[in-house]
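A.B. asks: Input: one structure, supplied below.
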Amino acid sequence: MSKNKIGLFFGSFNPVHNGHMMLANYIVEFTDLDSIWFVVSPQNPFKIQQSMLDEKHRLEMLELAVRNEPRFEVCDIEFHMPKPSYTIDTLMQLSKLHPDTDFYLICGMDNLTNFHRWKNYQAILDNYHLLVYPRKGYAGGELLNHKSVQLIEAPEIEVSSTFIRDAIAKGKDIRYFMPNESYKYMIDMKFYND
């Protein structure tokens, strides 16, 4: 019996926006993955913590964003692991919990360029596949032609969580940049207002 193929889209999702959703939609439609799991990172070792919304709110906004798409799922496994969480540890834990599944790590070209800085990056390359999407200004570095790396020709989407946070802080109405229910939740809770 063939294994499930699940793409893991790691991120802070601070907050989730339509760029995340468009990329996930592209990947699930244009690759042979069965589904995509959005893995919410409580603390990214490479990101500053101070502008980070509480993890339960980021998780809630993501769950609101994906609830009508059966091929999308939200995964909070890193909430129950030591912090900061490292991708290799999460991958190994997921593989142990789901031995019938092949996991594919979804990442941007910017991450591939700096992949050699990740904890146990060689173990990730040896045991998992990377699906890499384009990011403006990044060429991918020396791992671009690695046998575990597959480039996907997704459209480049310029929306970022930083843009969303900055716009909200300035009092801008940016409802069309985010999934509707997530946006309403964010506004109702007055997140990122100052």
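A.B. asks: Carbon-plus-sulfur fraction of the accessible area of the chain, 1.4 Å probe, in percent?
C.D. replies: Within the chain, the accessible surface is 49 percent carbon and sulfur.
A.B. asks: Treating the angle as unsigned and between 0 and 90°, give the value, to the nearest 10°, between the Cα long axis of helix 87-97 and the longest Cα principal axis of the chain.
C.D. replies: 70
A.B. asks: I'd like to check one number: the per residue accessible area of the chain, probe 1.4 Å, reported in Å² as a whole number. Display every interim value, and only then the final one.
C.D. replies: Numbers: 10570 Å² over 194 residues.
With the other protein chains kept in place, the chain gives 54 Å² per residue.
A.B. asks: Placing +1 at every Lys and Arg Cβ and -1 at every Asp and Glu Cβ, with all other atoms neutral, what dipole size does the chain have around its Cα centre, in debye to the nearest 20?
C.D. replies: Charge dipole of the chain: 380 debye, to the nearest 20.
A.B. asks: Next question. Do any of Lys3/Lys96; Lys83/Lys119; Lys170/Lys190; Lys83/Lys184; Lys96/Lys119; Lys3/Lys147 go past 23 Å between their Cα atoms, and which?
C.D. replies: Beyond 23 Å between Cα atoms: Lys83/Lys184.
A.B. asks: Now, a different point. Count charges around Glu55 for me, please; just the other residues with Cβ under 12 Å from its Cβ, Lys/Arg as +1, Asp/Glu as -1.
C.D. replies: Working: positive: Lys56, Arg58, Lys83; negative: Asp54, Glu60, Asp76, Glu78.
Local net charge: -1.
A.B. asks: Putting +1 on Lys and Arg Cβ atoms and -1 on Asp and Glu Cβ atoms, find which of Leu151, Ala123, Gly140 reaches farthest to the positive end of the dipole of segment 46-182.
C.D. replies: Gly140
A.B. asks: Suppose we keep just the alpha-carbon trace of the chain; what are its Rg and Dmax in angstrom?
C.D. replies: Reported Rg and Dmax, both Å: 16.4, 53.
A.B. asks: Compute the length gained on full extension between Asn145 and His57: take 0.36 nm times their separation in residues and subtract their Cα-Cα distance, giving the result in nm to one decimal.
C.D. replies: That pair, Asn145 and His57, stretches by 27.9 nm at full extension.
The values are calculated or read from the model by the stated rules, or taken from the named source; none is laboratory data. These figures come from a predicted structure and were not determined experimentally. Positions of Cβ are generated from backbone atoms using ideal geometry, with glycine treated the same way; all protein chains shown enter the neighbour counts. Please note that ligands, DNA and RNA were not included when accessible areas were found on the heavy atoms of the full protein model with its side chains. Shrake-Rupley method; radii C 1.70, N 1.55, O 1.52, S 1.80 Å.
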